[in-house]
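For reference, the structure is listed below as structure tokens.
Read-outs throughout are calculated quantities, based only on the coordinates presented, and are distinct from any laboratory measurement. Values in this document were obtained by computation on a predicted structure and should not be read as measured data. Please note: Cβ atoms are built from the backbone with ideal geometry, for glycine as well, and neighbour counts cover all protein chains shown.
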Amino acid sequence: MRAQNSATADSPIAVGGPSAGEAARATDAGTARLLSSRTARTARTGTALAALGVVAFSLTFPSTVWGLRSFGPWSLVSLRAVIAAVVAGGLLLALRVPPPDRRHWGSLLVVAGGVVVGFPLLTTLALRSSTTSHAAVVVGLLPLTTAVFAAVRTGRRPSRTFWLAALTGAAVVIAFTVSESGGALQGADLYLFGALLVCAAGYTEGGRLAAVLPGWQVIGWALVLCLPFAVAGSAAALAYEPVRLTAQGVTGLIWVACGSTFFGLYVWYRGMAAIGIPRASQLQLAQPLLTLVWSVALLGEELSPAAPVAAVGVLVCIAVTQRARG
């Protein structure tokens, strides 16, 4: 008998599933989707924070008018800076935040000069004789001015669609606010144009710093820089200007100090760091119209029927600028 060979011949085994190349491509696609999702969330969060800052800023003019009912302009601006600096400095101290690098102090000085001292002082002086609606003429130009400063400072050039929408939105705001104020220029305009320039510079530098420092630290350190000068200014102004304490005056002071100067700038700089200075600045196209709404509610000013039409036009321009590629 012959013995049977029970050995079996080797045969290839088919294994199901993707190849190494397919797996790598799938991994790359998954990573791309994850990054895209994170980018979209960052953009949404940044837009929400910047919009919240705009809402806070829109209350600044009505609150300033309230504050002027109790304090003189120099006292109001100095006390505003002192209160905001104490809040910011206390938070920095409590959290043991180390001072910024020396290379950042120059930019912090620009932020301090623009948004802590320059803009509050110039607009407060203007609001002694100007209405909030007239002051909104210049504020309506702030987004475009900030975008120009940012383009020069950072070297980035937004698209033509962006600029067209920005110019259109600025034109809508100017036409609306000028028509509301009767179209007549006032002596306060020089203060307002100066405020426009220094604020745009401060926003641009603050937005750049917020990319490397948390937004609240940017405005916090800028406020701390101003504290010695604000204390000295408060002492001198209070000795010179009369004070008539009222509920509205104190409320206005507290809001411009804590709401506009600290909280508003904190969320604003965080938003700019997330979505970019030019796009964030265009959200401020809505600020004059929001200010007019608050002026009706808080100051009793009348709102014309043209306001809803202007609001729709501004919102369309904002939507275009948010979608336009830089």
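A few comments on the model shown:
- Residue with peak Gaussian network fluctuation, the chain [Cα springs, cutoff 10 Å], from Pro305, Pro100, Pro120: Pro305
- Helix runs (DSSP H) in the chain reaching 24 Å along axis by Cα, Kyte-Doolittle at least 1.6: 73-94, 306-323
- Average Cα contact separation per residue, the chain, under 8 Å, 6 or more apart, as relative contact order %: 37
- The stretch between Arg102 and Ala235 holds 44.8 nm of extra length on full extension. This uses 0.36 nm per residue minus the Cα-Cα distance.
- Mean separation of Cα pairs under 8 Å and 6 or more residues apart, divided by the residue count, gives the stretch 200-278 a relative contact order of 63 percent.
- Taking Cα centre as origin and charging only the Cβ of basic (Lys, Arg, +1) and acidic (Asp, Glu, -1) residues, the dipole magnitude of the stretch 93-221 rounds to 500 debye.
- Multiplying the residue separation of Gln322 and Val243 by 0.36 nm and removing their Cα-Cα distance gives an extension gain of 24.0 nm.
- Scanning the chain for trypsin sites (Lys or Arg not before Pro) in DSSP loops with at most 12 neighbouring Cβ atoms within 10 Å leaves 97-243 as the longest stretch between them.
- Positive minus negative residues near Gly252 (Lys, Arg vs Asp, Glu; Cβ under 10 Å): +2
- The chain: most fluctuating residue of Gly207, Gly90, Gly249 per GNM, C-alpha cutoff 10 Å: Gly90
- Entry for volume of the Cα convex hull per residue in Å³ (calculated from the structure that is shown) out of (i) 160; (ii) 148; (iii) 219: (iii)
- Surrounding net charge for Trp294, when Lys and Arg each add one and Asp and Glu each subtract one, Cβ distance under 14 Å: -2
- Summing +1 for each Lys or Arg and -1 for each Asp or Glu among the other residues whose beta-carbon sits under 14 angstrom from that of Val139 gives -2.
- For the residues Ala235, Ala274, Ala112, a GNM of the chain with alpha-carbon springs under 10 Å puts the largest fluctuation on Ala235.
- Full extension of the chain between Arg160 and Val55 yields a length gain of 35.0 nm, computed as 0.36 nm times the residue separation minus the alpha carbon distance.
- What the Cβ-Cβ distance of Glu302 and Ser179 gives, at R0 = 22 Å and to the nearest 0.05, is a FRET efficiency of 0.95.
- Three-way shape call for the stretch 118-191 based on the alpha-carbon gyration tensor, with the a/c threshold at 1.5: oblate
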